[in-house]
Amino acid sequence: MRLATLHRYPVKSFGGESLARLGVERQGLAGDRRYMAVTLTGAFVTARDVPQMLLIAATAREGGLRLAHAAHGVIDVMEPGNDAERQMVQVWRSEVPARVCDAATNAWLSRVLGRDVRLVFMADVSARTVNQDVGGPEDTVSFADGYPLLLASAASLDDLNSRMAERRGGFGEACEMVRFRPNVVVEGAGAWDEDTWRVVKIGAVRFRVMKPCDRCVMTTLDPVTAEKAEDNEPLRTLGTFRRNTLGRIMFGQNLIPMELGSVATGDAVEVIERGASNLG
């Protein structure tokens, strides 16, 4: 098996970028989801409710970001410094401190999204821990939904697309991996074999495989147009065979790094420890 592609999303729910090599930090890949859009009161905003967020391209740059939108142009964003305004922001059940980006950035983003928002930066990477029911106090996460990294298998996507094509009678487009917003995509494994992985090594870095990832309406949004699929795919097909005991639809596996280092496309992927299927 090998690492086929590597992705990060500098701003939560914005368009991501694909890279050949990235550092692995405690809270995830270097530069992944360190920025987030919030309401004026600090509640996180995602493409689940504002699909247009997917149409903003975010590229990490030295000391900040570059944001681009087809209709609103480009803006360069400086990483907020120690003198920036602080705000407590909420991500699901977590409340963490963040630094607020400059007024010009927030005005630009509010125009693009058609609502008052602010862009915030997570300066304290130890401020948010993963779910303590499955992780430890030293396991931290960025503004990602719950865990530092998301792994997906190319073979599992192929199987999903085969099932979708069968349901559609051979009509309709295949689902692209970008809809699932993974960080690492593995090829060479059997379809859904990742359900049995407990420890996996990518290059020289080991990761704990914590649990399958719950999937939501974001997977039904076209990342190019932000339009929702009329047939509710891929959730419709996934729901026929990838539900856990609570009825949640699963695709991909959440990872926590066991050590620091870096990973690169082409790296060997090795399963160090296996167990029973964790689909539940």
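Brief remarks follow.
- Restricting Ala20, Ala60 to those that are surrounded by 16 or more Cβ atoms within 10 Å (Cβ to Cβ) and either over 12 Å from the mean Cα position of the chain (by Cα) or more than 19 Å from Met218 (Cβ to Cβ) (or both) reduces the list to Ala60.
- Cβ-Cβ under 9 Å pairs, at least 6 apart or on other chains, the range 189-202 side in contact (Cβ under 8 Å) with a residue 12 or more places away in the chain and at positive phi, far side part of a helix (DSSP H, G or I) and not β-branched (Val, Ile, Thr): Trp192/Ala155; Trp192/Ser156; Trp192/Asp159
- Residue within the range 43-52 that is in a helix (DSSP H, G or I), touching a strand residue (DSSP E or B) at 6+ places or on another chain (Cβ under 9 Å) and either of a type in the set (A, V, I, L, M) or at pLDDT 95 or above (or both) present: yes
Here is a yes/no grid of residues against (1) surrounded by 14 or more Cβ atoms within 10 Å (Cβ to Cβ); (2) among the β-branched types (Val, Ile, Thr):
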| residue | (1), (2) |
| --- | --- |
| Arg243 | yes, no |
| Met250 | yes, no |
| Asn254 | yes, no |
| Leu260 | no, no |
| Val263 | yes, yes |
| Gly266 | no, no |
| Val269 | yes, yes |
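- Ser156 closer than 25 Å to Thr237 by Cα, buried (at least 21 other Cβ atoms within 10 Å of the Cβ) and of a type in the set (Ser, Thr, Tyr): yes
- Hits in the range 66-77 - residues which are assigned to a strand (DSSP E or B) and either of a type in the set (Phe, Trp, Tyr) or over 12 Å from Val100 (Cβ atoms) (or both): Arg66, Leu67, Ala68, His69, Gly73, Val74, Ile75, Asp76
- Condition check for Leu238: surrounded by 13 or more Cβ atoms within 10 Å (Cβ to Cβ) and farther than 26 Å from Phe207 by Cα: no
- Pairs linking a residue in the range 236-262 that is at positive phi and at pLDDT 95 or above to a residue that is assigned to a loop (DSSP other than H, G, I, E, B) and surrounded by 14 or more Cβ atoms within 10 Å (Cβ to Cβ), with Cβ atoms under 7 Å and 6 or more positions apart or on different chains, are Gly252/Pro182.
- The range 82-96, subset touching a residue at least 12 places away in the same chain (Cβ under 8 Å) and assigned to a loop (DSSP other than H, G, I, E, B), residue surrounded by the most Cβ atoms within 10 Å (Cβ to Cβ): Ala84
- Here the strands (runs of 3 or more DSSP E) wholly within the range 168-280 that include at least 2 residues being under 17 Å from the mean Cα position of the chain (by Cα) are 184-187, 205-214, 250-257.
- Test: residue in the range 46-56 that is of a type in the set (A, V, I, L, M), touching a residue at least 40 places away in the same chain (Cβ under 8 Å), farther than 18 Å from Gly114 by Cβ and surrounded by 15 or more Cβ atoms within 10 Å (Cβ to Cβ): no
- Filter result (in contact with a Lys or Arg (Cβ under 9 Å, 6 or more places away or on another chain) and under 17 Å from Thr105 (Cα atoms)) within the range 1-32: Pro10, Val11, Lys12, Ser13
- Answer residue from the range 91-122, given it is among the polar types (S, T, N, Q) and modelled with pLDDT of 95 or more and is farthest from Gly63 (Cα to Cα) among those: Ser110
The values are calculated or read from the model by the stated rules, or taken from the named source; none is laboratory data. Treat the numbers as computed from the prediction; the structure is a model and nothing was measured. When we count neighbours, we look across all protein chains shown, and the Cβ atoms used for this are built from the backbone with ideal geometry, even at glycine.
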